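J.: Let me give you the structure first, and then I'll get to my questions.
Bear in mind these aren't lab numbers, they're just calculated from the coordinates by the rules spelled out. In this text, all values refer to a predicted model and were calculated from it rather than measured experimentally. Here the Cβ positions follow ideal geometry from the backbone for every residue, glycine too, while neighbour counts run over all protein chains shown.
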Amino acid sequence: MRPQPYTPEDFPKNPLMFYYEVTRACDLVCKHCRASAQEDPAPDEMSTETALALIEDVARFPRKPTICFTGGDPLKRADLFEIIRRATDLGIGSALTPSATPLATFEAFKKAKEAGVSAIGLSIDGPNAEVHDAFRGFDGSFAKAMEMLRYARDLELPVQVNTSITRRNAHLVDEIAEVLADQGIMMWSVFFLVPVGRGVEEIRITPAEYRQVFARLYERSQTMPYSVRTTEAPHYRRYVLEQGGNPTAAPKNRPSFPNSAFAAAMKTERPGGSAGGHGRAPLGVTDGRGIMFVGHNGEIYPAGFLPVLCGKFPTDSVVDVYQNSPVFKALQNPDNYKGICGKCEYRHICGGSRSRAYALTGDYLAAEPDCDFEK
Ligand code: SF4
């Protein structure tokens with residue numbers, strides 16, 4: 001049976017995307033890491049039994065979200081495929097975001113697919129090894145990412161490439177877009193820095209530079225064989241609409257992956273903003289509003305970049321927290337947003353990055369600090 005499309009009526013009841021940070025362990029030391037990853041698992045990482053119980057709790061949502069298994073490096077968990085398999089058995093679609101380390105083998109990708117993963121997310125932050133490896137802190141990281149792209153293609157696993165935009169690479173958007181053109185990817189997700197973890201303030205771009213990047217992304221989205229979306233920059237939706245574009249219009253020549261985890265989300269909207277998809281009006285999925293995050297130790301947050309603790313699994317059910325936590329409830333209604341976002345006619349389809357508002361002001365309902373559309 002095809003899943004029902006996600007609609008605005010789902011916001012108070014079900015997340016669209018459920019991010020589970022299965023571990024903080026990772027062998028890379030990336031400059032902007034949200035998790036401030038460490039080499040070994042944290043002592044309070046959830047056991048296999050508790051992780052499986054979490055998946056069963058997620059299955060209790062009236063409409064099951066897609067789970068993104070993230071980290072750290074999810075491949076650092078020996079029981080990862082068992083956890084994925086439990087999600088699959090419960091009818092939950094999933095995606096996996098492995099780090100570019102020797103653990104990311106063809107065999108690991110094959111096992112992930114066999115366990116039920118229907119899409120892979122991987123990071124490419126520059127058009128070449130020089131830029132990307134400097135960003136990631138490891139020589140050979142770009143080559144490994146390219147190898148991972150090949151594994152995914154060989155296994156017919158759809159790929160979302162994630163790129164973090166900072167002062168170091170904002171001028172390279174076109175070059176990165178070109179490199180991705182031949183990789184058979186499904187989606188390019190461009191993440192705009194939220195200064196938490198190792199994401200440091202001094203490499204954050206200005207609101208004017210956002211507009212320049214938006215312009216490059218929009219132009220590229222017209223011709224590239226993959227969809228383009230933004231993460232933590234929902235005002236890209238406004239930019240696209242103001243150019244006369246449709247933030248959910250599909251690229252003409254994008255490969256079709258109808259059963260992938262990302263495609264499920266794309267049939268309604270891409271969290272964080274989009275320019276691709278199936279032509280529906282954007283919904284305004286954002287932190288705590290269609291998105292939920294559970295950390296390696298069961299701590300529950302509205303998003304991975306919004307460290308406002310709302311509960312802890314297994315003491316708290318994720319269903320109960322999503323539906324009843326005052327933080328989630330406040331985030332789910334854009335009429336609660338303050339400053340320019342509260343007055344903006346685009347607040348229900350944009351609303352600004354709640355994570356960046358919190359990181360820079362301490363108030364998750366404050367105006368998006370990096371939007372100057374209303375000025
Ligand atoms: S003012 Fe806020 S809601 Fe309006 S476009 Fe900017 S970020 Fe979005």
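J.: Students often get this wrong: which residues of segment 300-338 have the backbone nitrogen under 19 Å from the point 7 angstrom along Cα-to-C-beta of GLN4?
T.: From segment 300-338, the list is 319-320, 322-324.
J.: Enumerate the amide H contacts of GLY311 below 5 Å, restricted to partners 5 or more residues apart or on another chain; note that Pro and chain-start residues carry no placed amide H.
T.: So GLY311 has HN proximity to ILE300.
J.: While we're looking at this one, here's another question. Residue by residue through segment 315-325, which ³J(HN,Hα) values in whole Hz follow from phi under the Karplus form 6.51 cos²θ - 1.76 cosθ + 1.60 (θ = phi - 60°), with glycine and proline marked x?
T.: Values, residue by residue: 4, 10, 7, 5, 5, 5, 5, 4, 7, 10, 4 Hz.
J.: Using DSSP, restrict attention to beta bridges with both residues in the chain and report what percent are antiparallel, rounded to the nearest 5.
T.: Percent antiparallel among DSSP bridges in the chain is about 20.
J.: Based on the mean of other beta carbon atoms within 10 Å per residue, what is the order of 77-88, 38-49, most packed first?
T.: 77-88, 38-49
J.: Continuing with the same structure: Of the options SER227, THR23, ALA104, report the single residue whose Cα projects farthest towards the positive end of the charge dipole of the chain (beta-carbon charges: Lys, Arg +1; Asp, Glu -1).
T.: Highest projection toward the positive end goes to SER227.
J.: To continue, here is another question. Name the residues whose placed amide hydrogens come within less than 5 Å of the amide hydrogen of ALA119, ignoring near sequence neighbours (fewer than 5 apart) on the same chain.
T.: HN-HN under 5 Å from ALA119: LEU96, ALA261.
J.: Below 12 Å, Cα to Cα, which aspartates and glutamates can LYS144 reach? Residues fewer than 8 away in the same chain don't count.
T.: Straight-distance partners of LYS144: ASP133.
J.: Within segment 308-375, how many Lys pairs sit with Cα atoms under 26 Å apart, leaving out pairs fewer than 8 places apart on the same chain?
T.: Total qualifying Lys-Lys pairs in segment 308-375 comes to 5.
J.: Mind putting a number on the dipole of the chain about its Cα centre? Charges go on the C-beta only, +1 for Lys and Arg and -1 for Asp and Glu, and I need it in Debye to the nearest 20.
T.: Dipole about the Cα centre, nearest 20: 1000 debye.
J.: Taking the Cα-to-Cβ direction at ARG150 and at GLU39 and moving 7 Å from each Cα, how far apart do the two end points lie in nm?
T.: Between ARG150 and GLU39, the simple spin-label model gives 2.9 nm.
J.: Please turn the phi angles of segment 152-158 into ³J(HN,Hα) values with the Karplus equation 6.51 cos²θ - 1.76 cosθ + 1.60 (θ = phi - 60°), one per residue in order, whole Hz, x for glycine and proline.
T.: Computed from phi, the couplings for segment 152-158 are 5, 4, 4, 8, 6, 9, x Hz.
J.: Please work out whether segment 299-339 counts as rounded, prolate or oblate from its C-alpha gyration tensor, where a ≥ b ≥ c are the square roots of the eigenvalues and a/c under 1.5 means rounded, while otherwise a/b larger than b/c means prolate and anything else oblate?
T.: oblate
J.: Please report, largest first and rounded to whole Å, the three semi-axes of the ellipsoid equivalent to the chain, where each semi-axis is the square root of five times an eigenvalue of the C-alpha gyration tensor.
T.: 27, 25, 21
J.: With a point put 7 Å past each Cα toward its Cβ, work out how far THR223 is from GLU56 in nm, to one decimal.
T.: Here the modelled spin labels are 5.4 nm apart.
J.: Ranked highest first by the average count of other Cβ atoms within 10 Å around their residues, in what order do 54-66, 158-170 fall?
T.: The most tightly packed comes first, giving 158-170, 54-66.
J.: If you plug each phi of segment 13-28 into the Karplus form 6.51 cos²θ - 1.76 cosθ + 1.60 with θ = phi - 60°, what whole-Hz ³J(HN,Hα) values come out, in order, with x for Gly and Pro?
T.: Running phi through 6.51 cos²θ - 1.76 cosθ + 1.60 with θ = phi - 60° gives 10, 9, x, 7, 10, 10, 9, 10, 7, 5, 7, 9, 5, 6, 8, 9 Hz.
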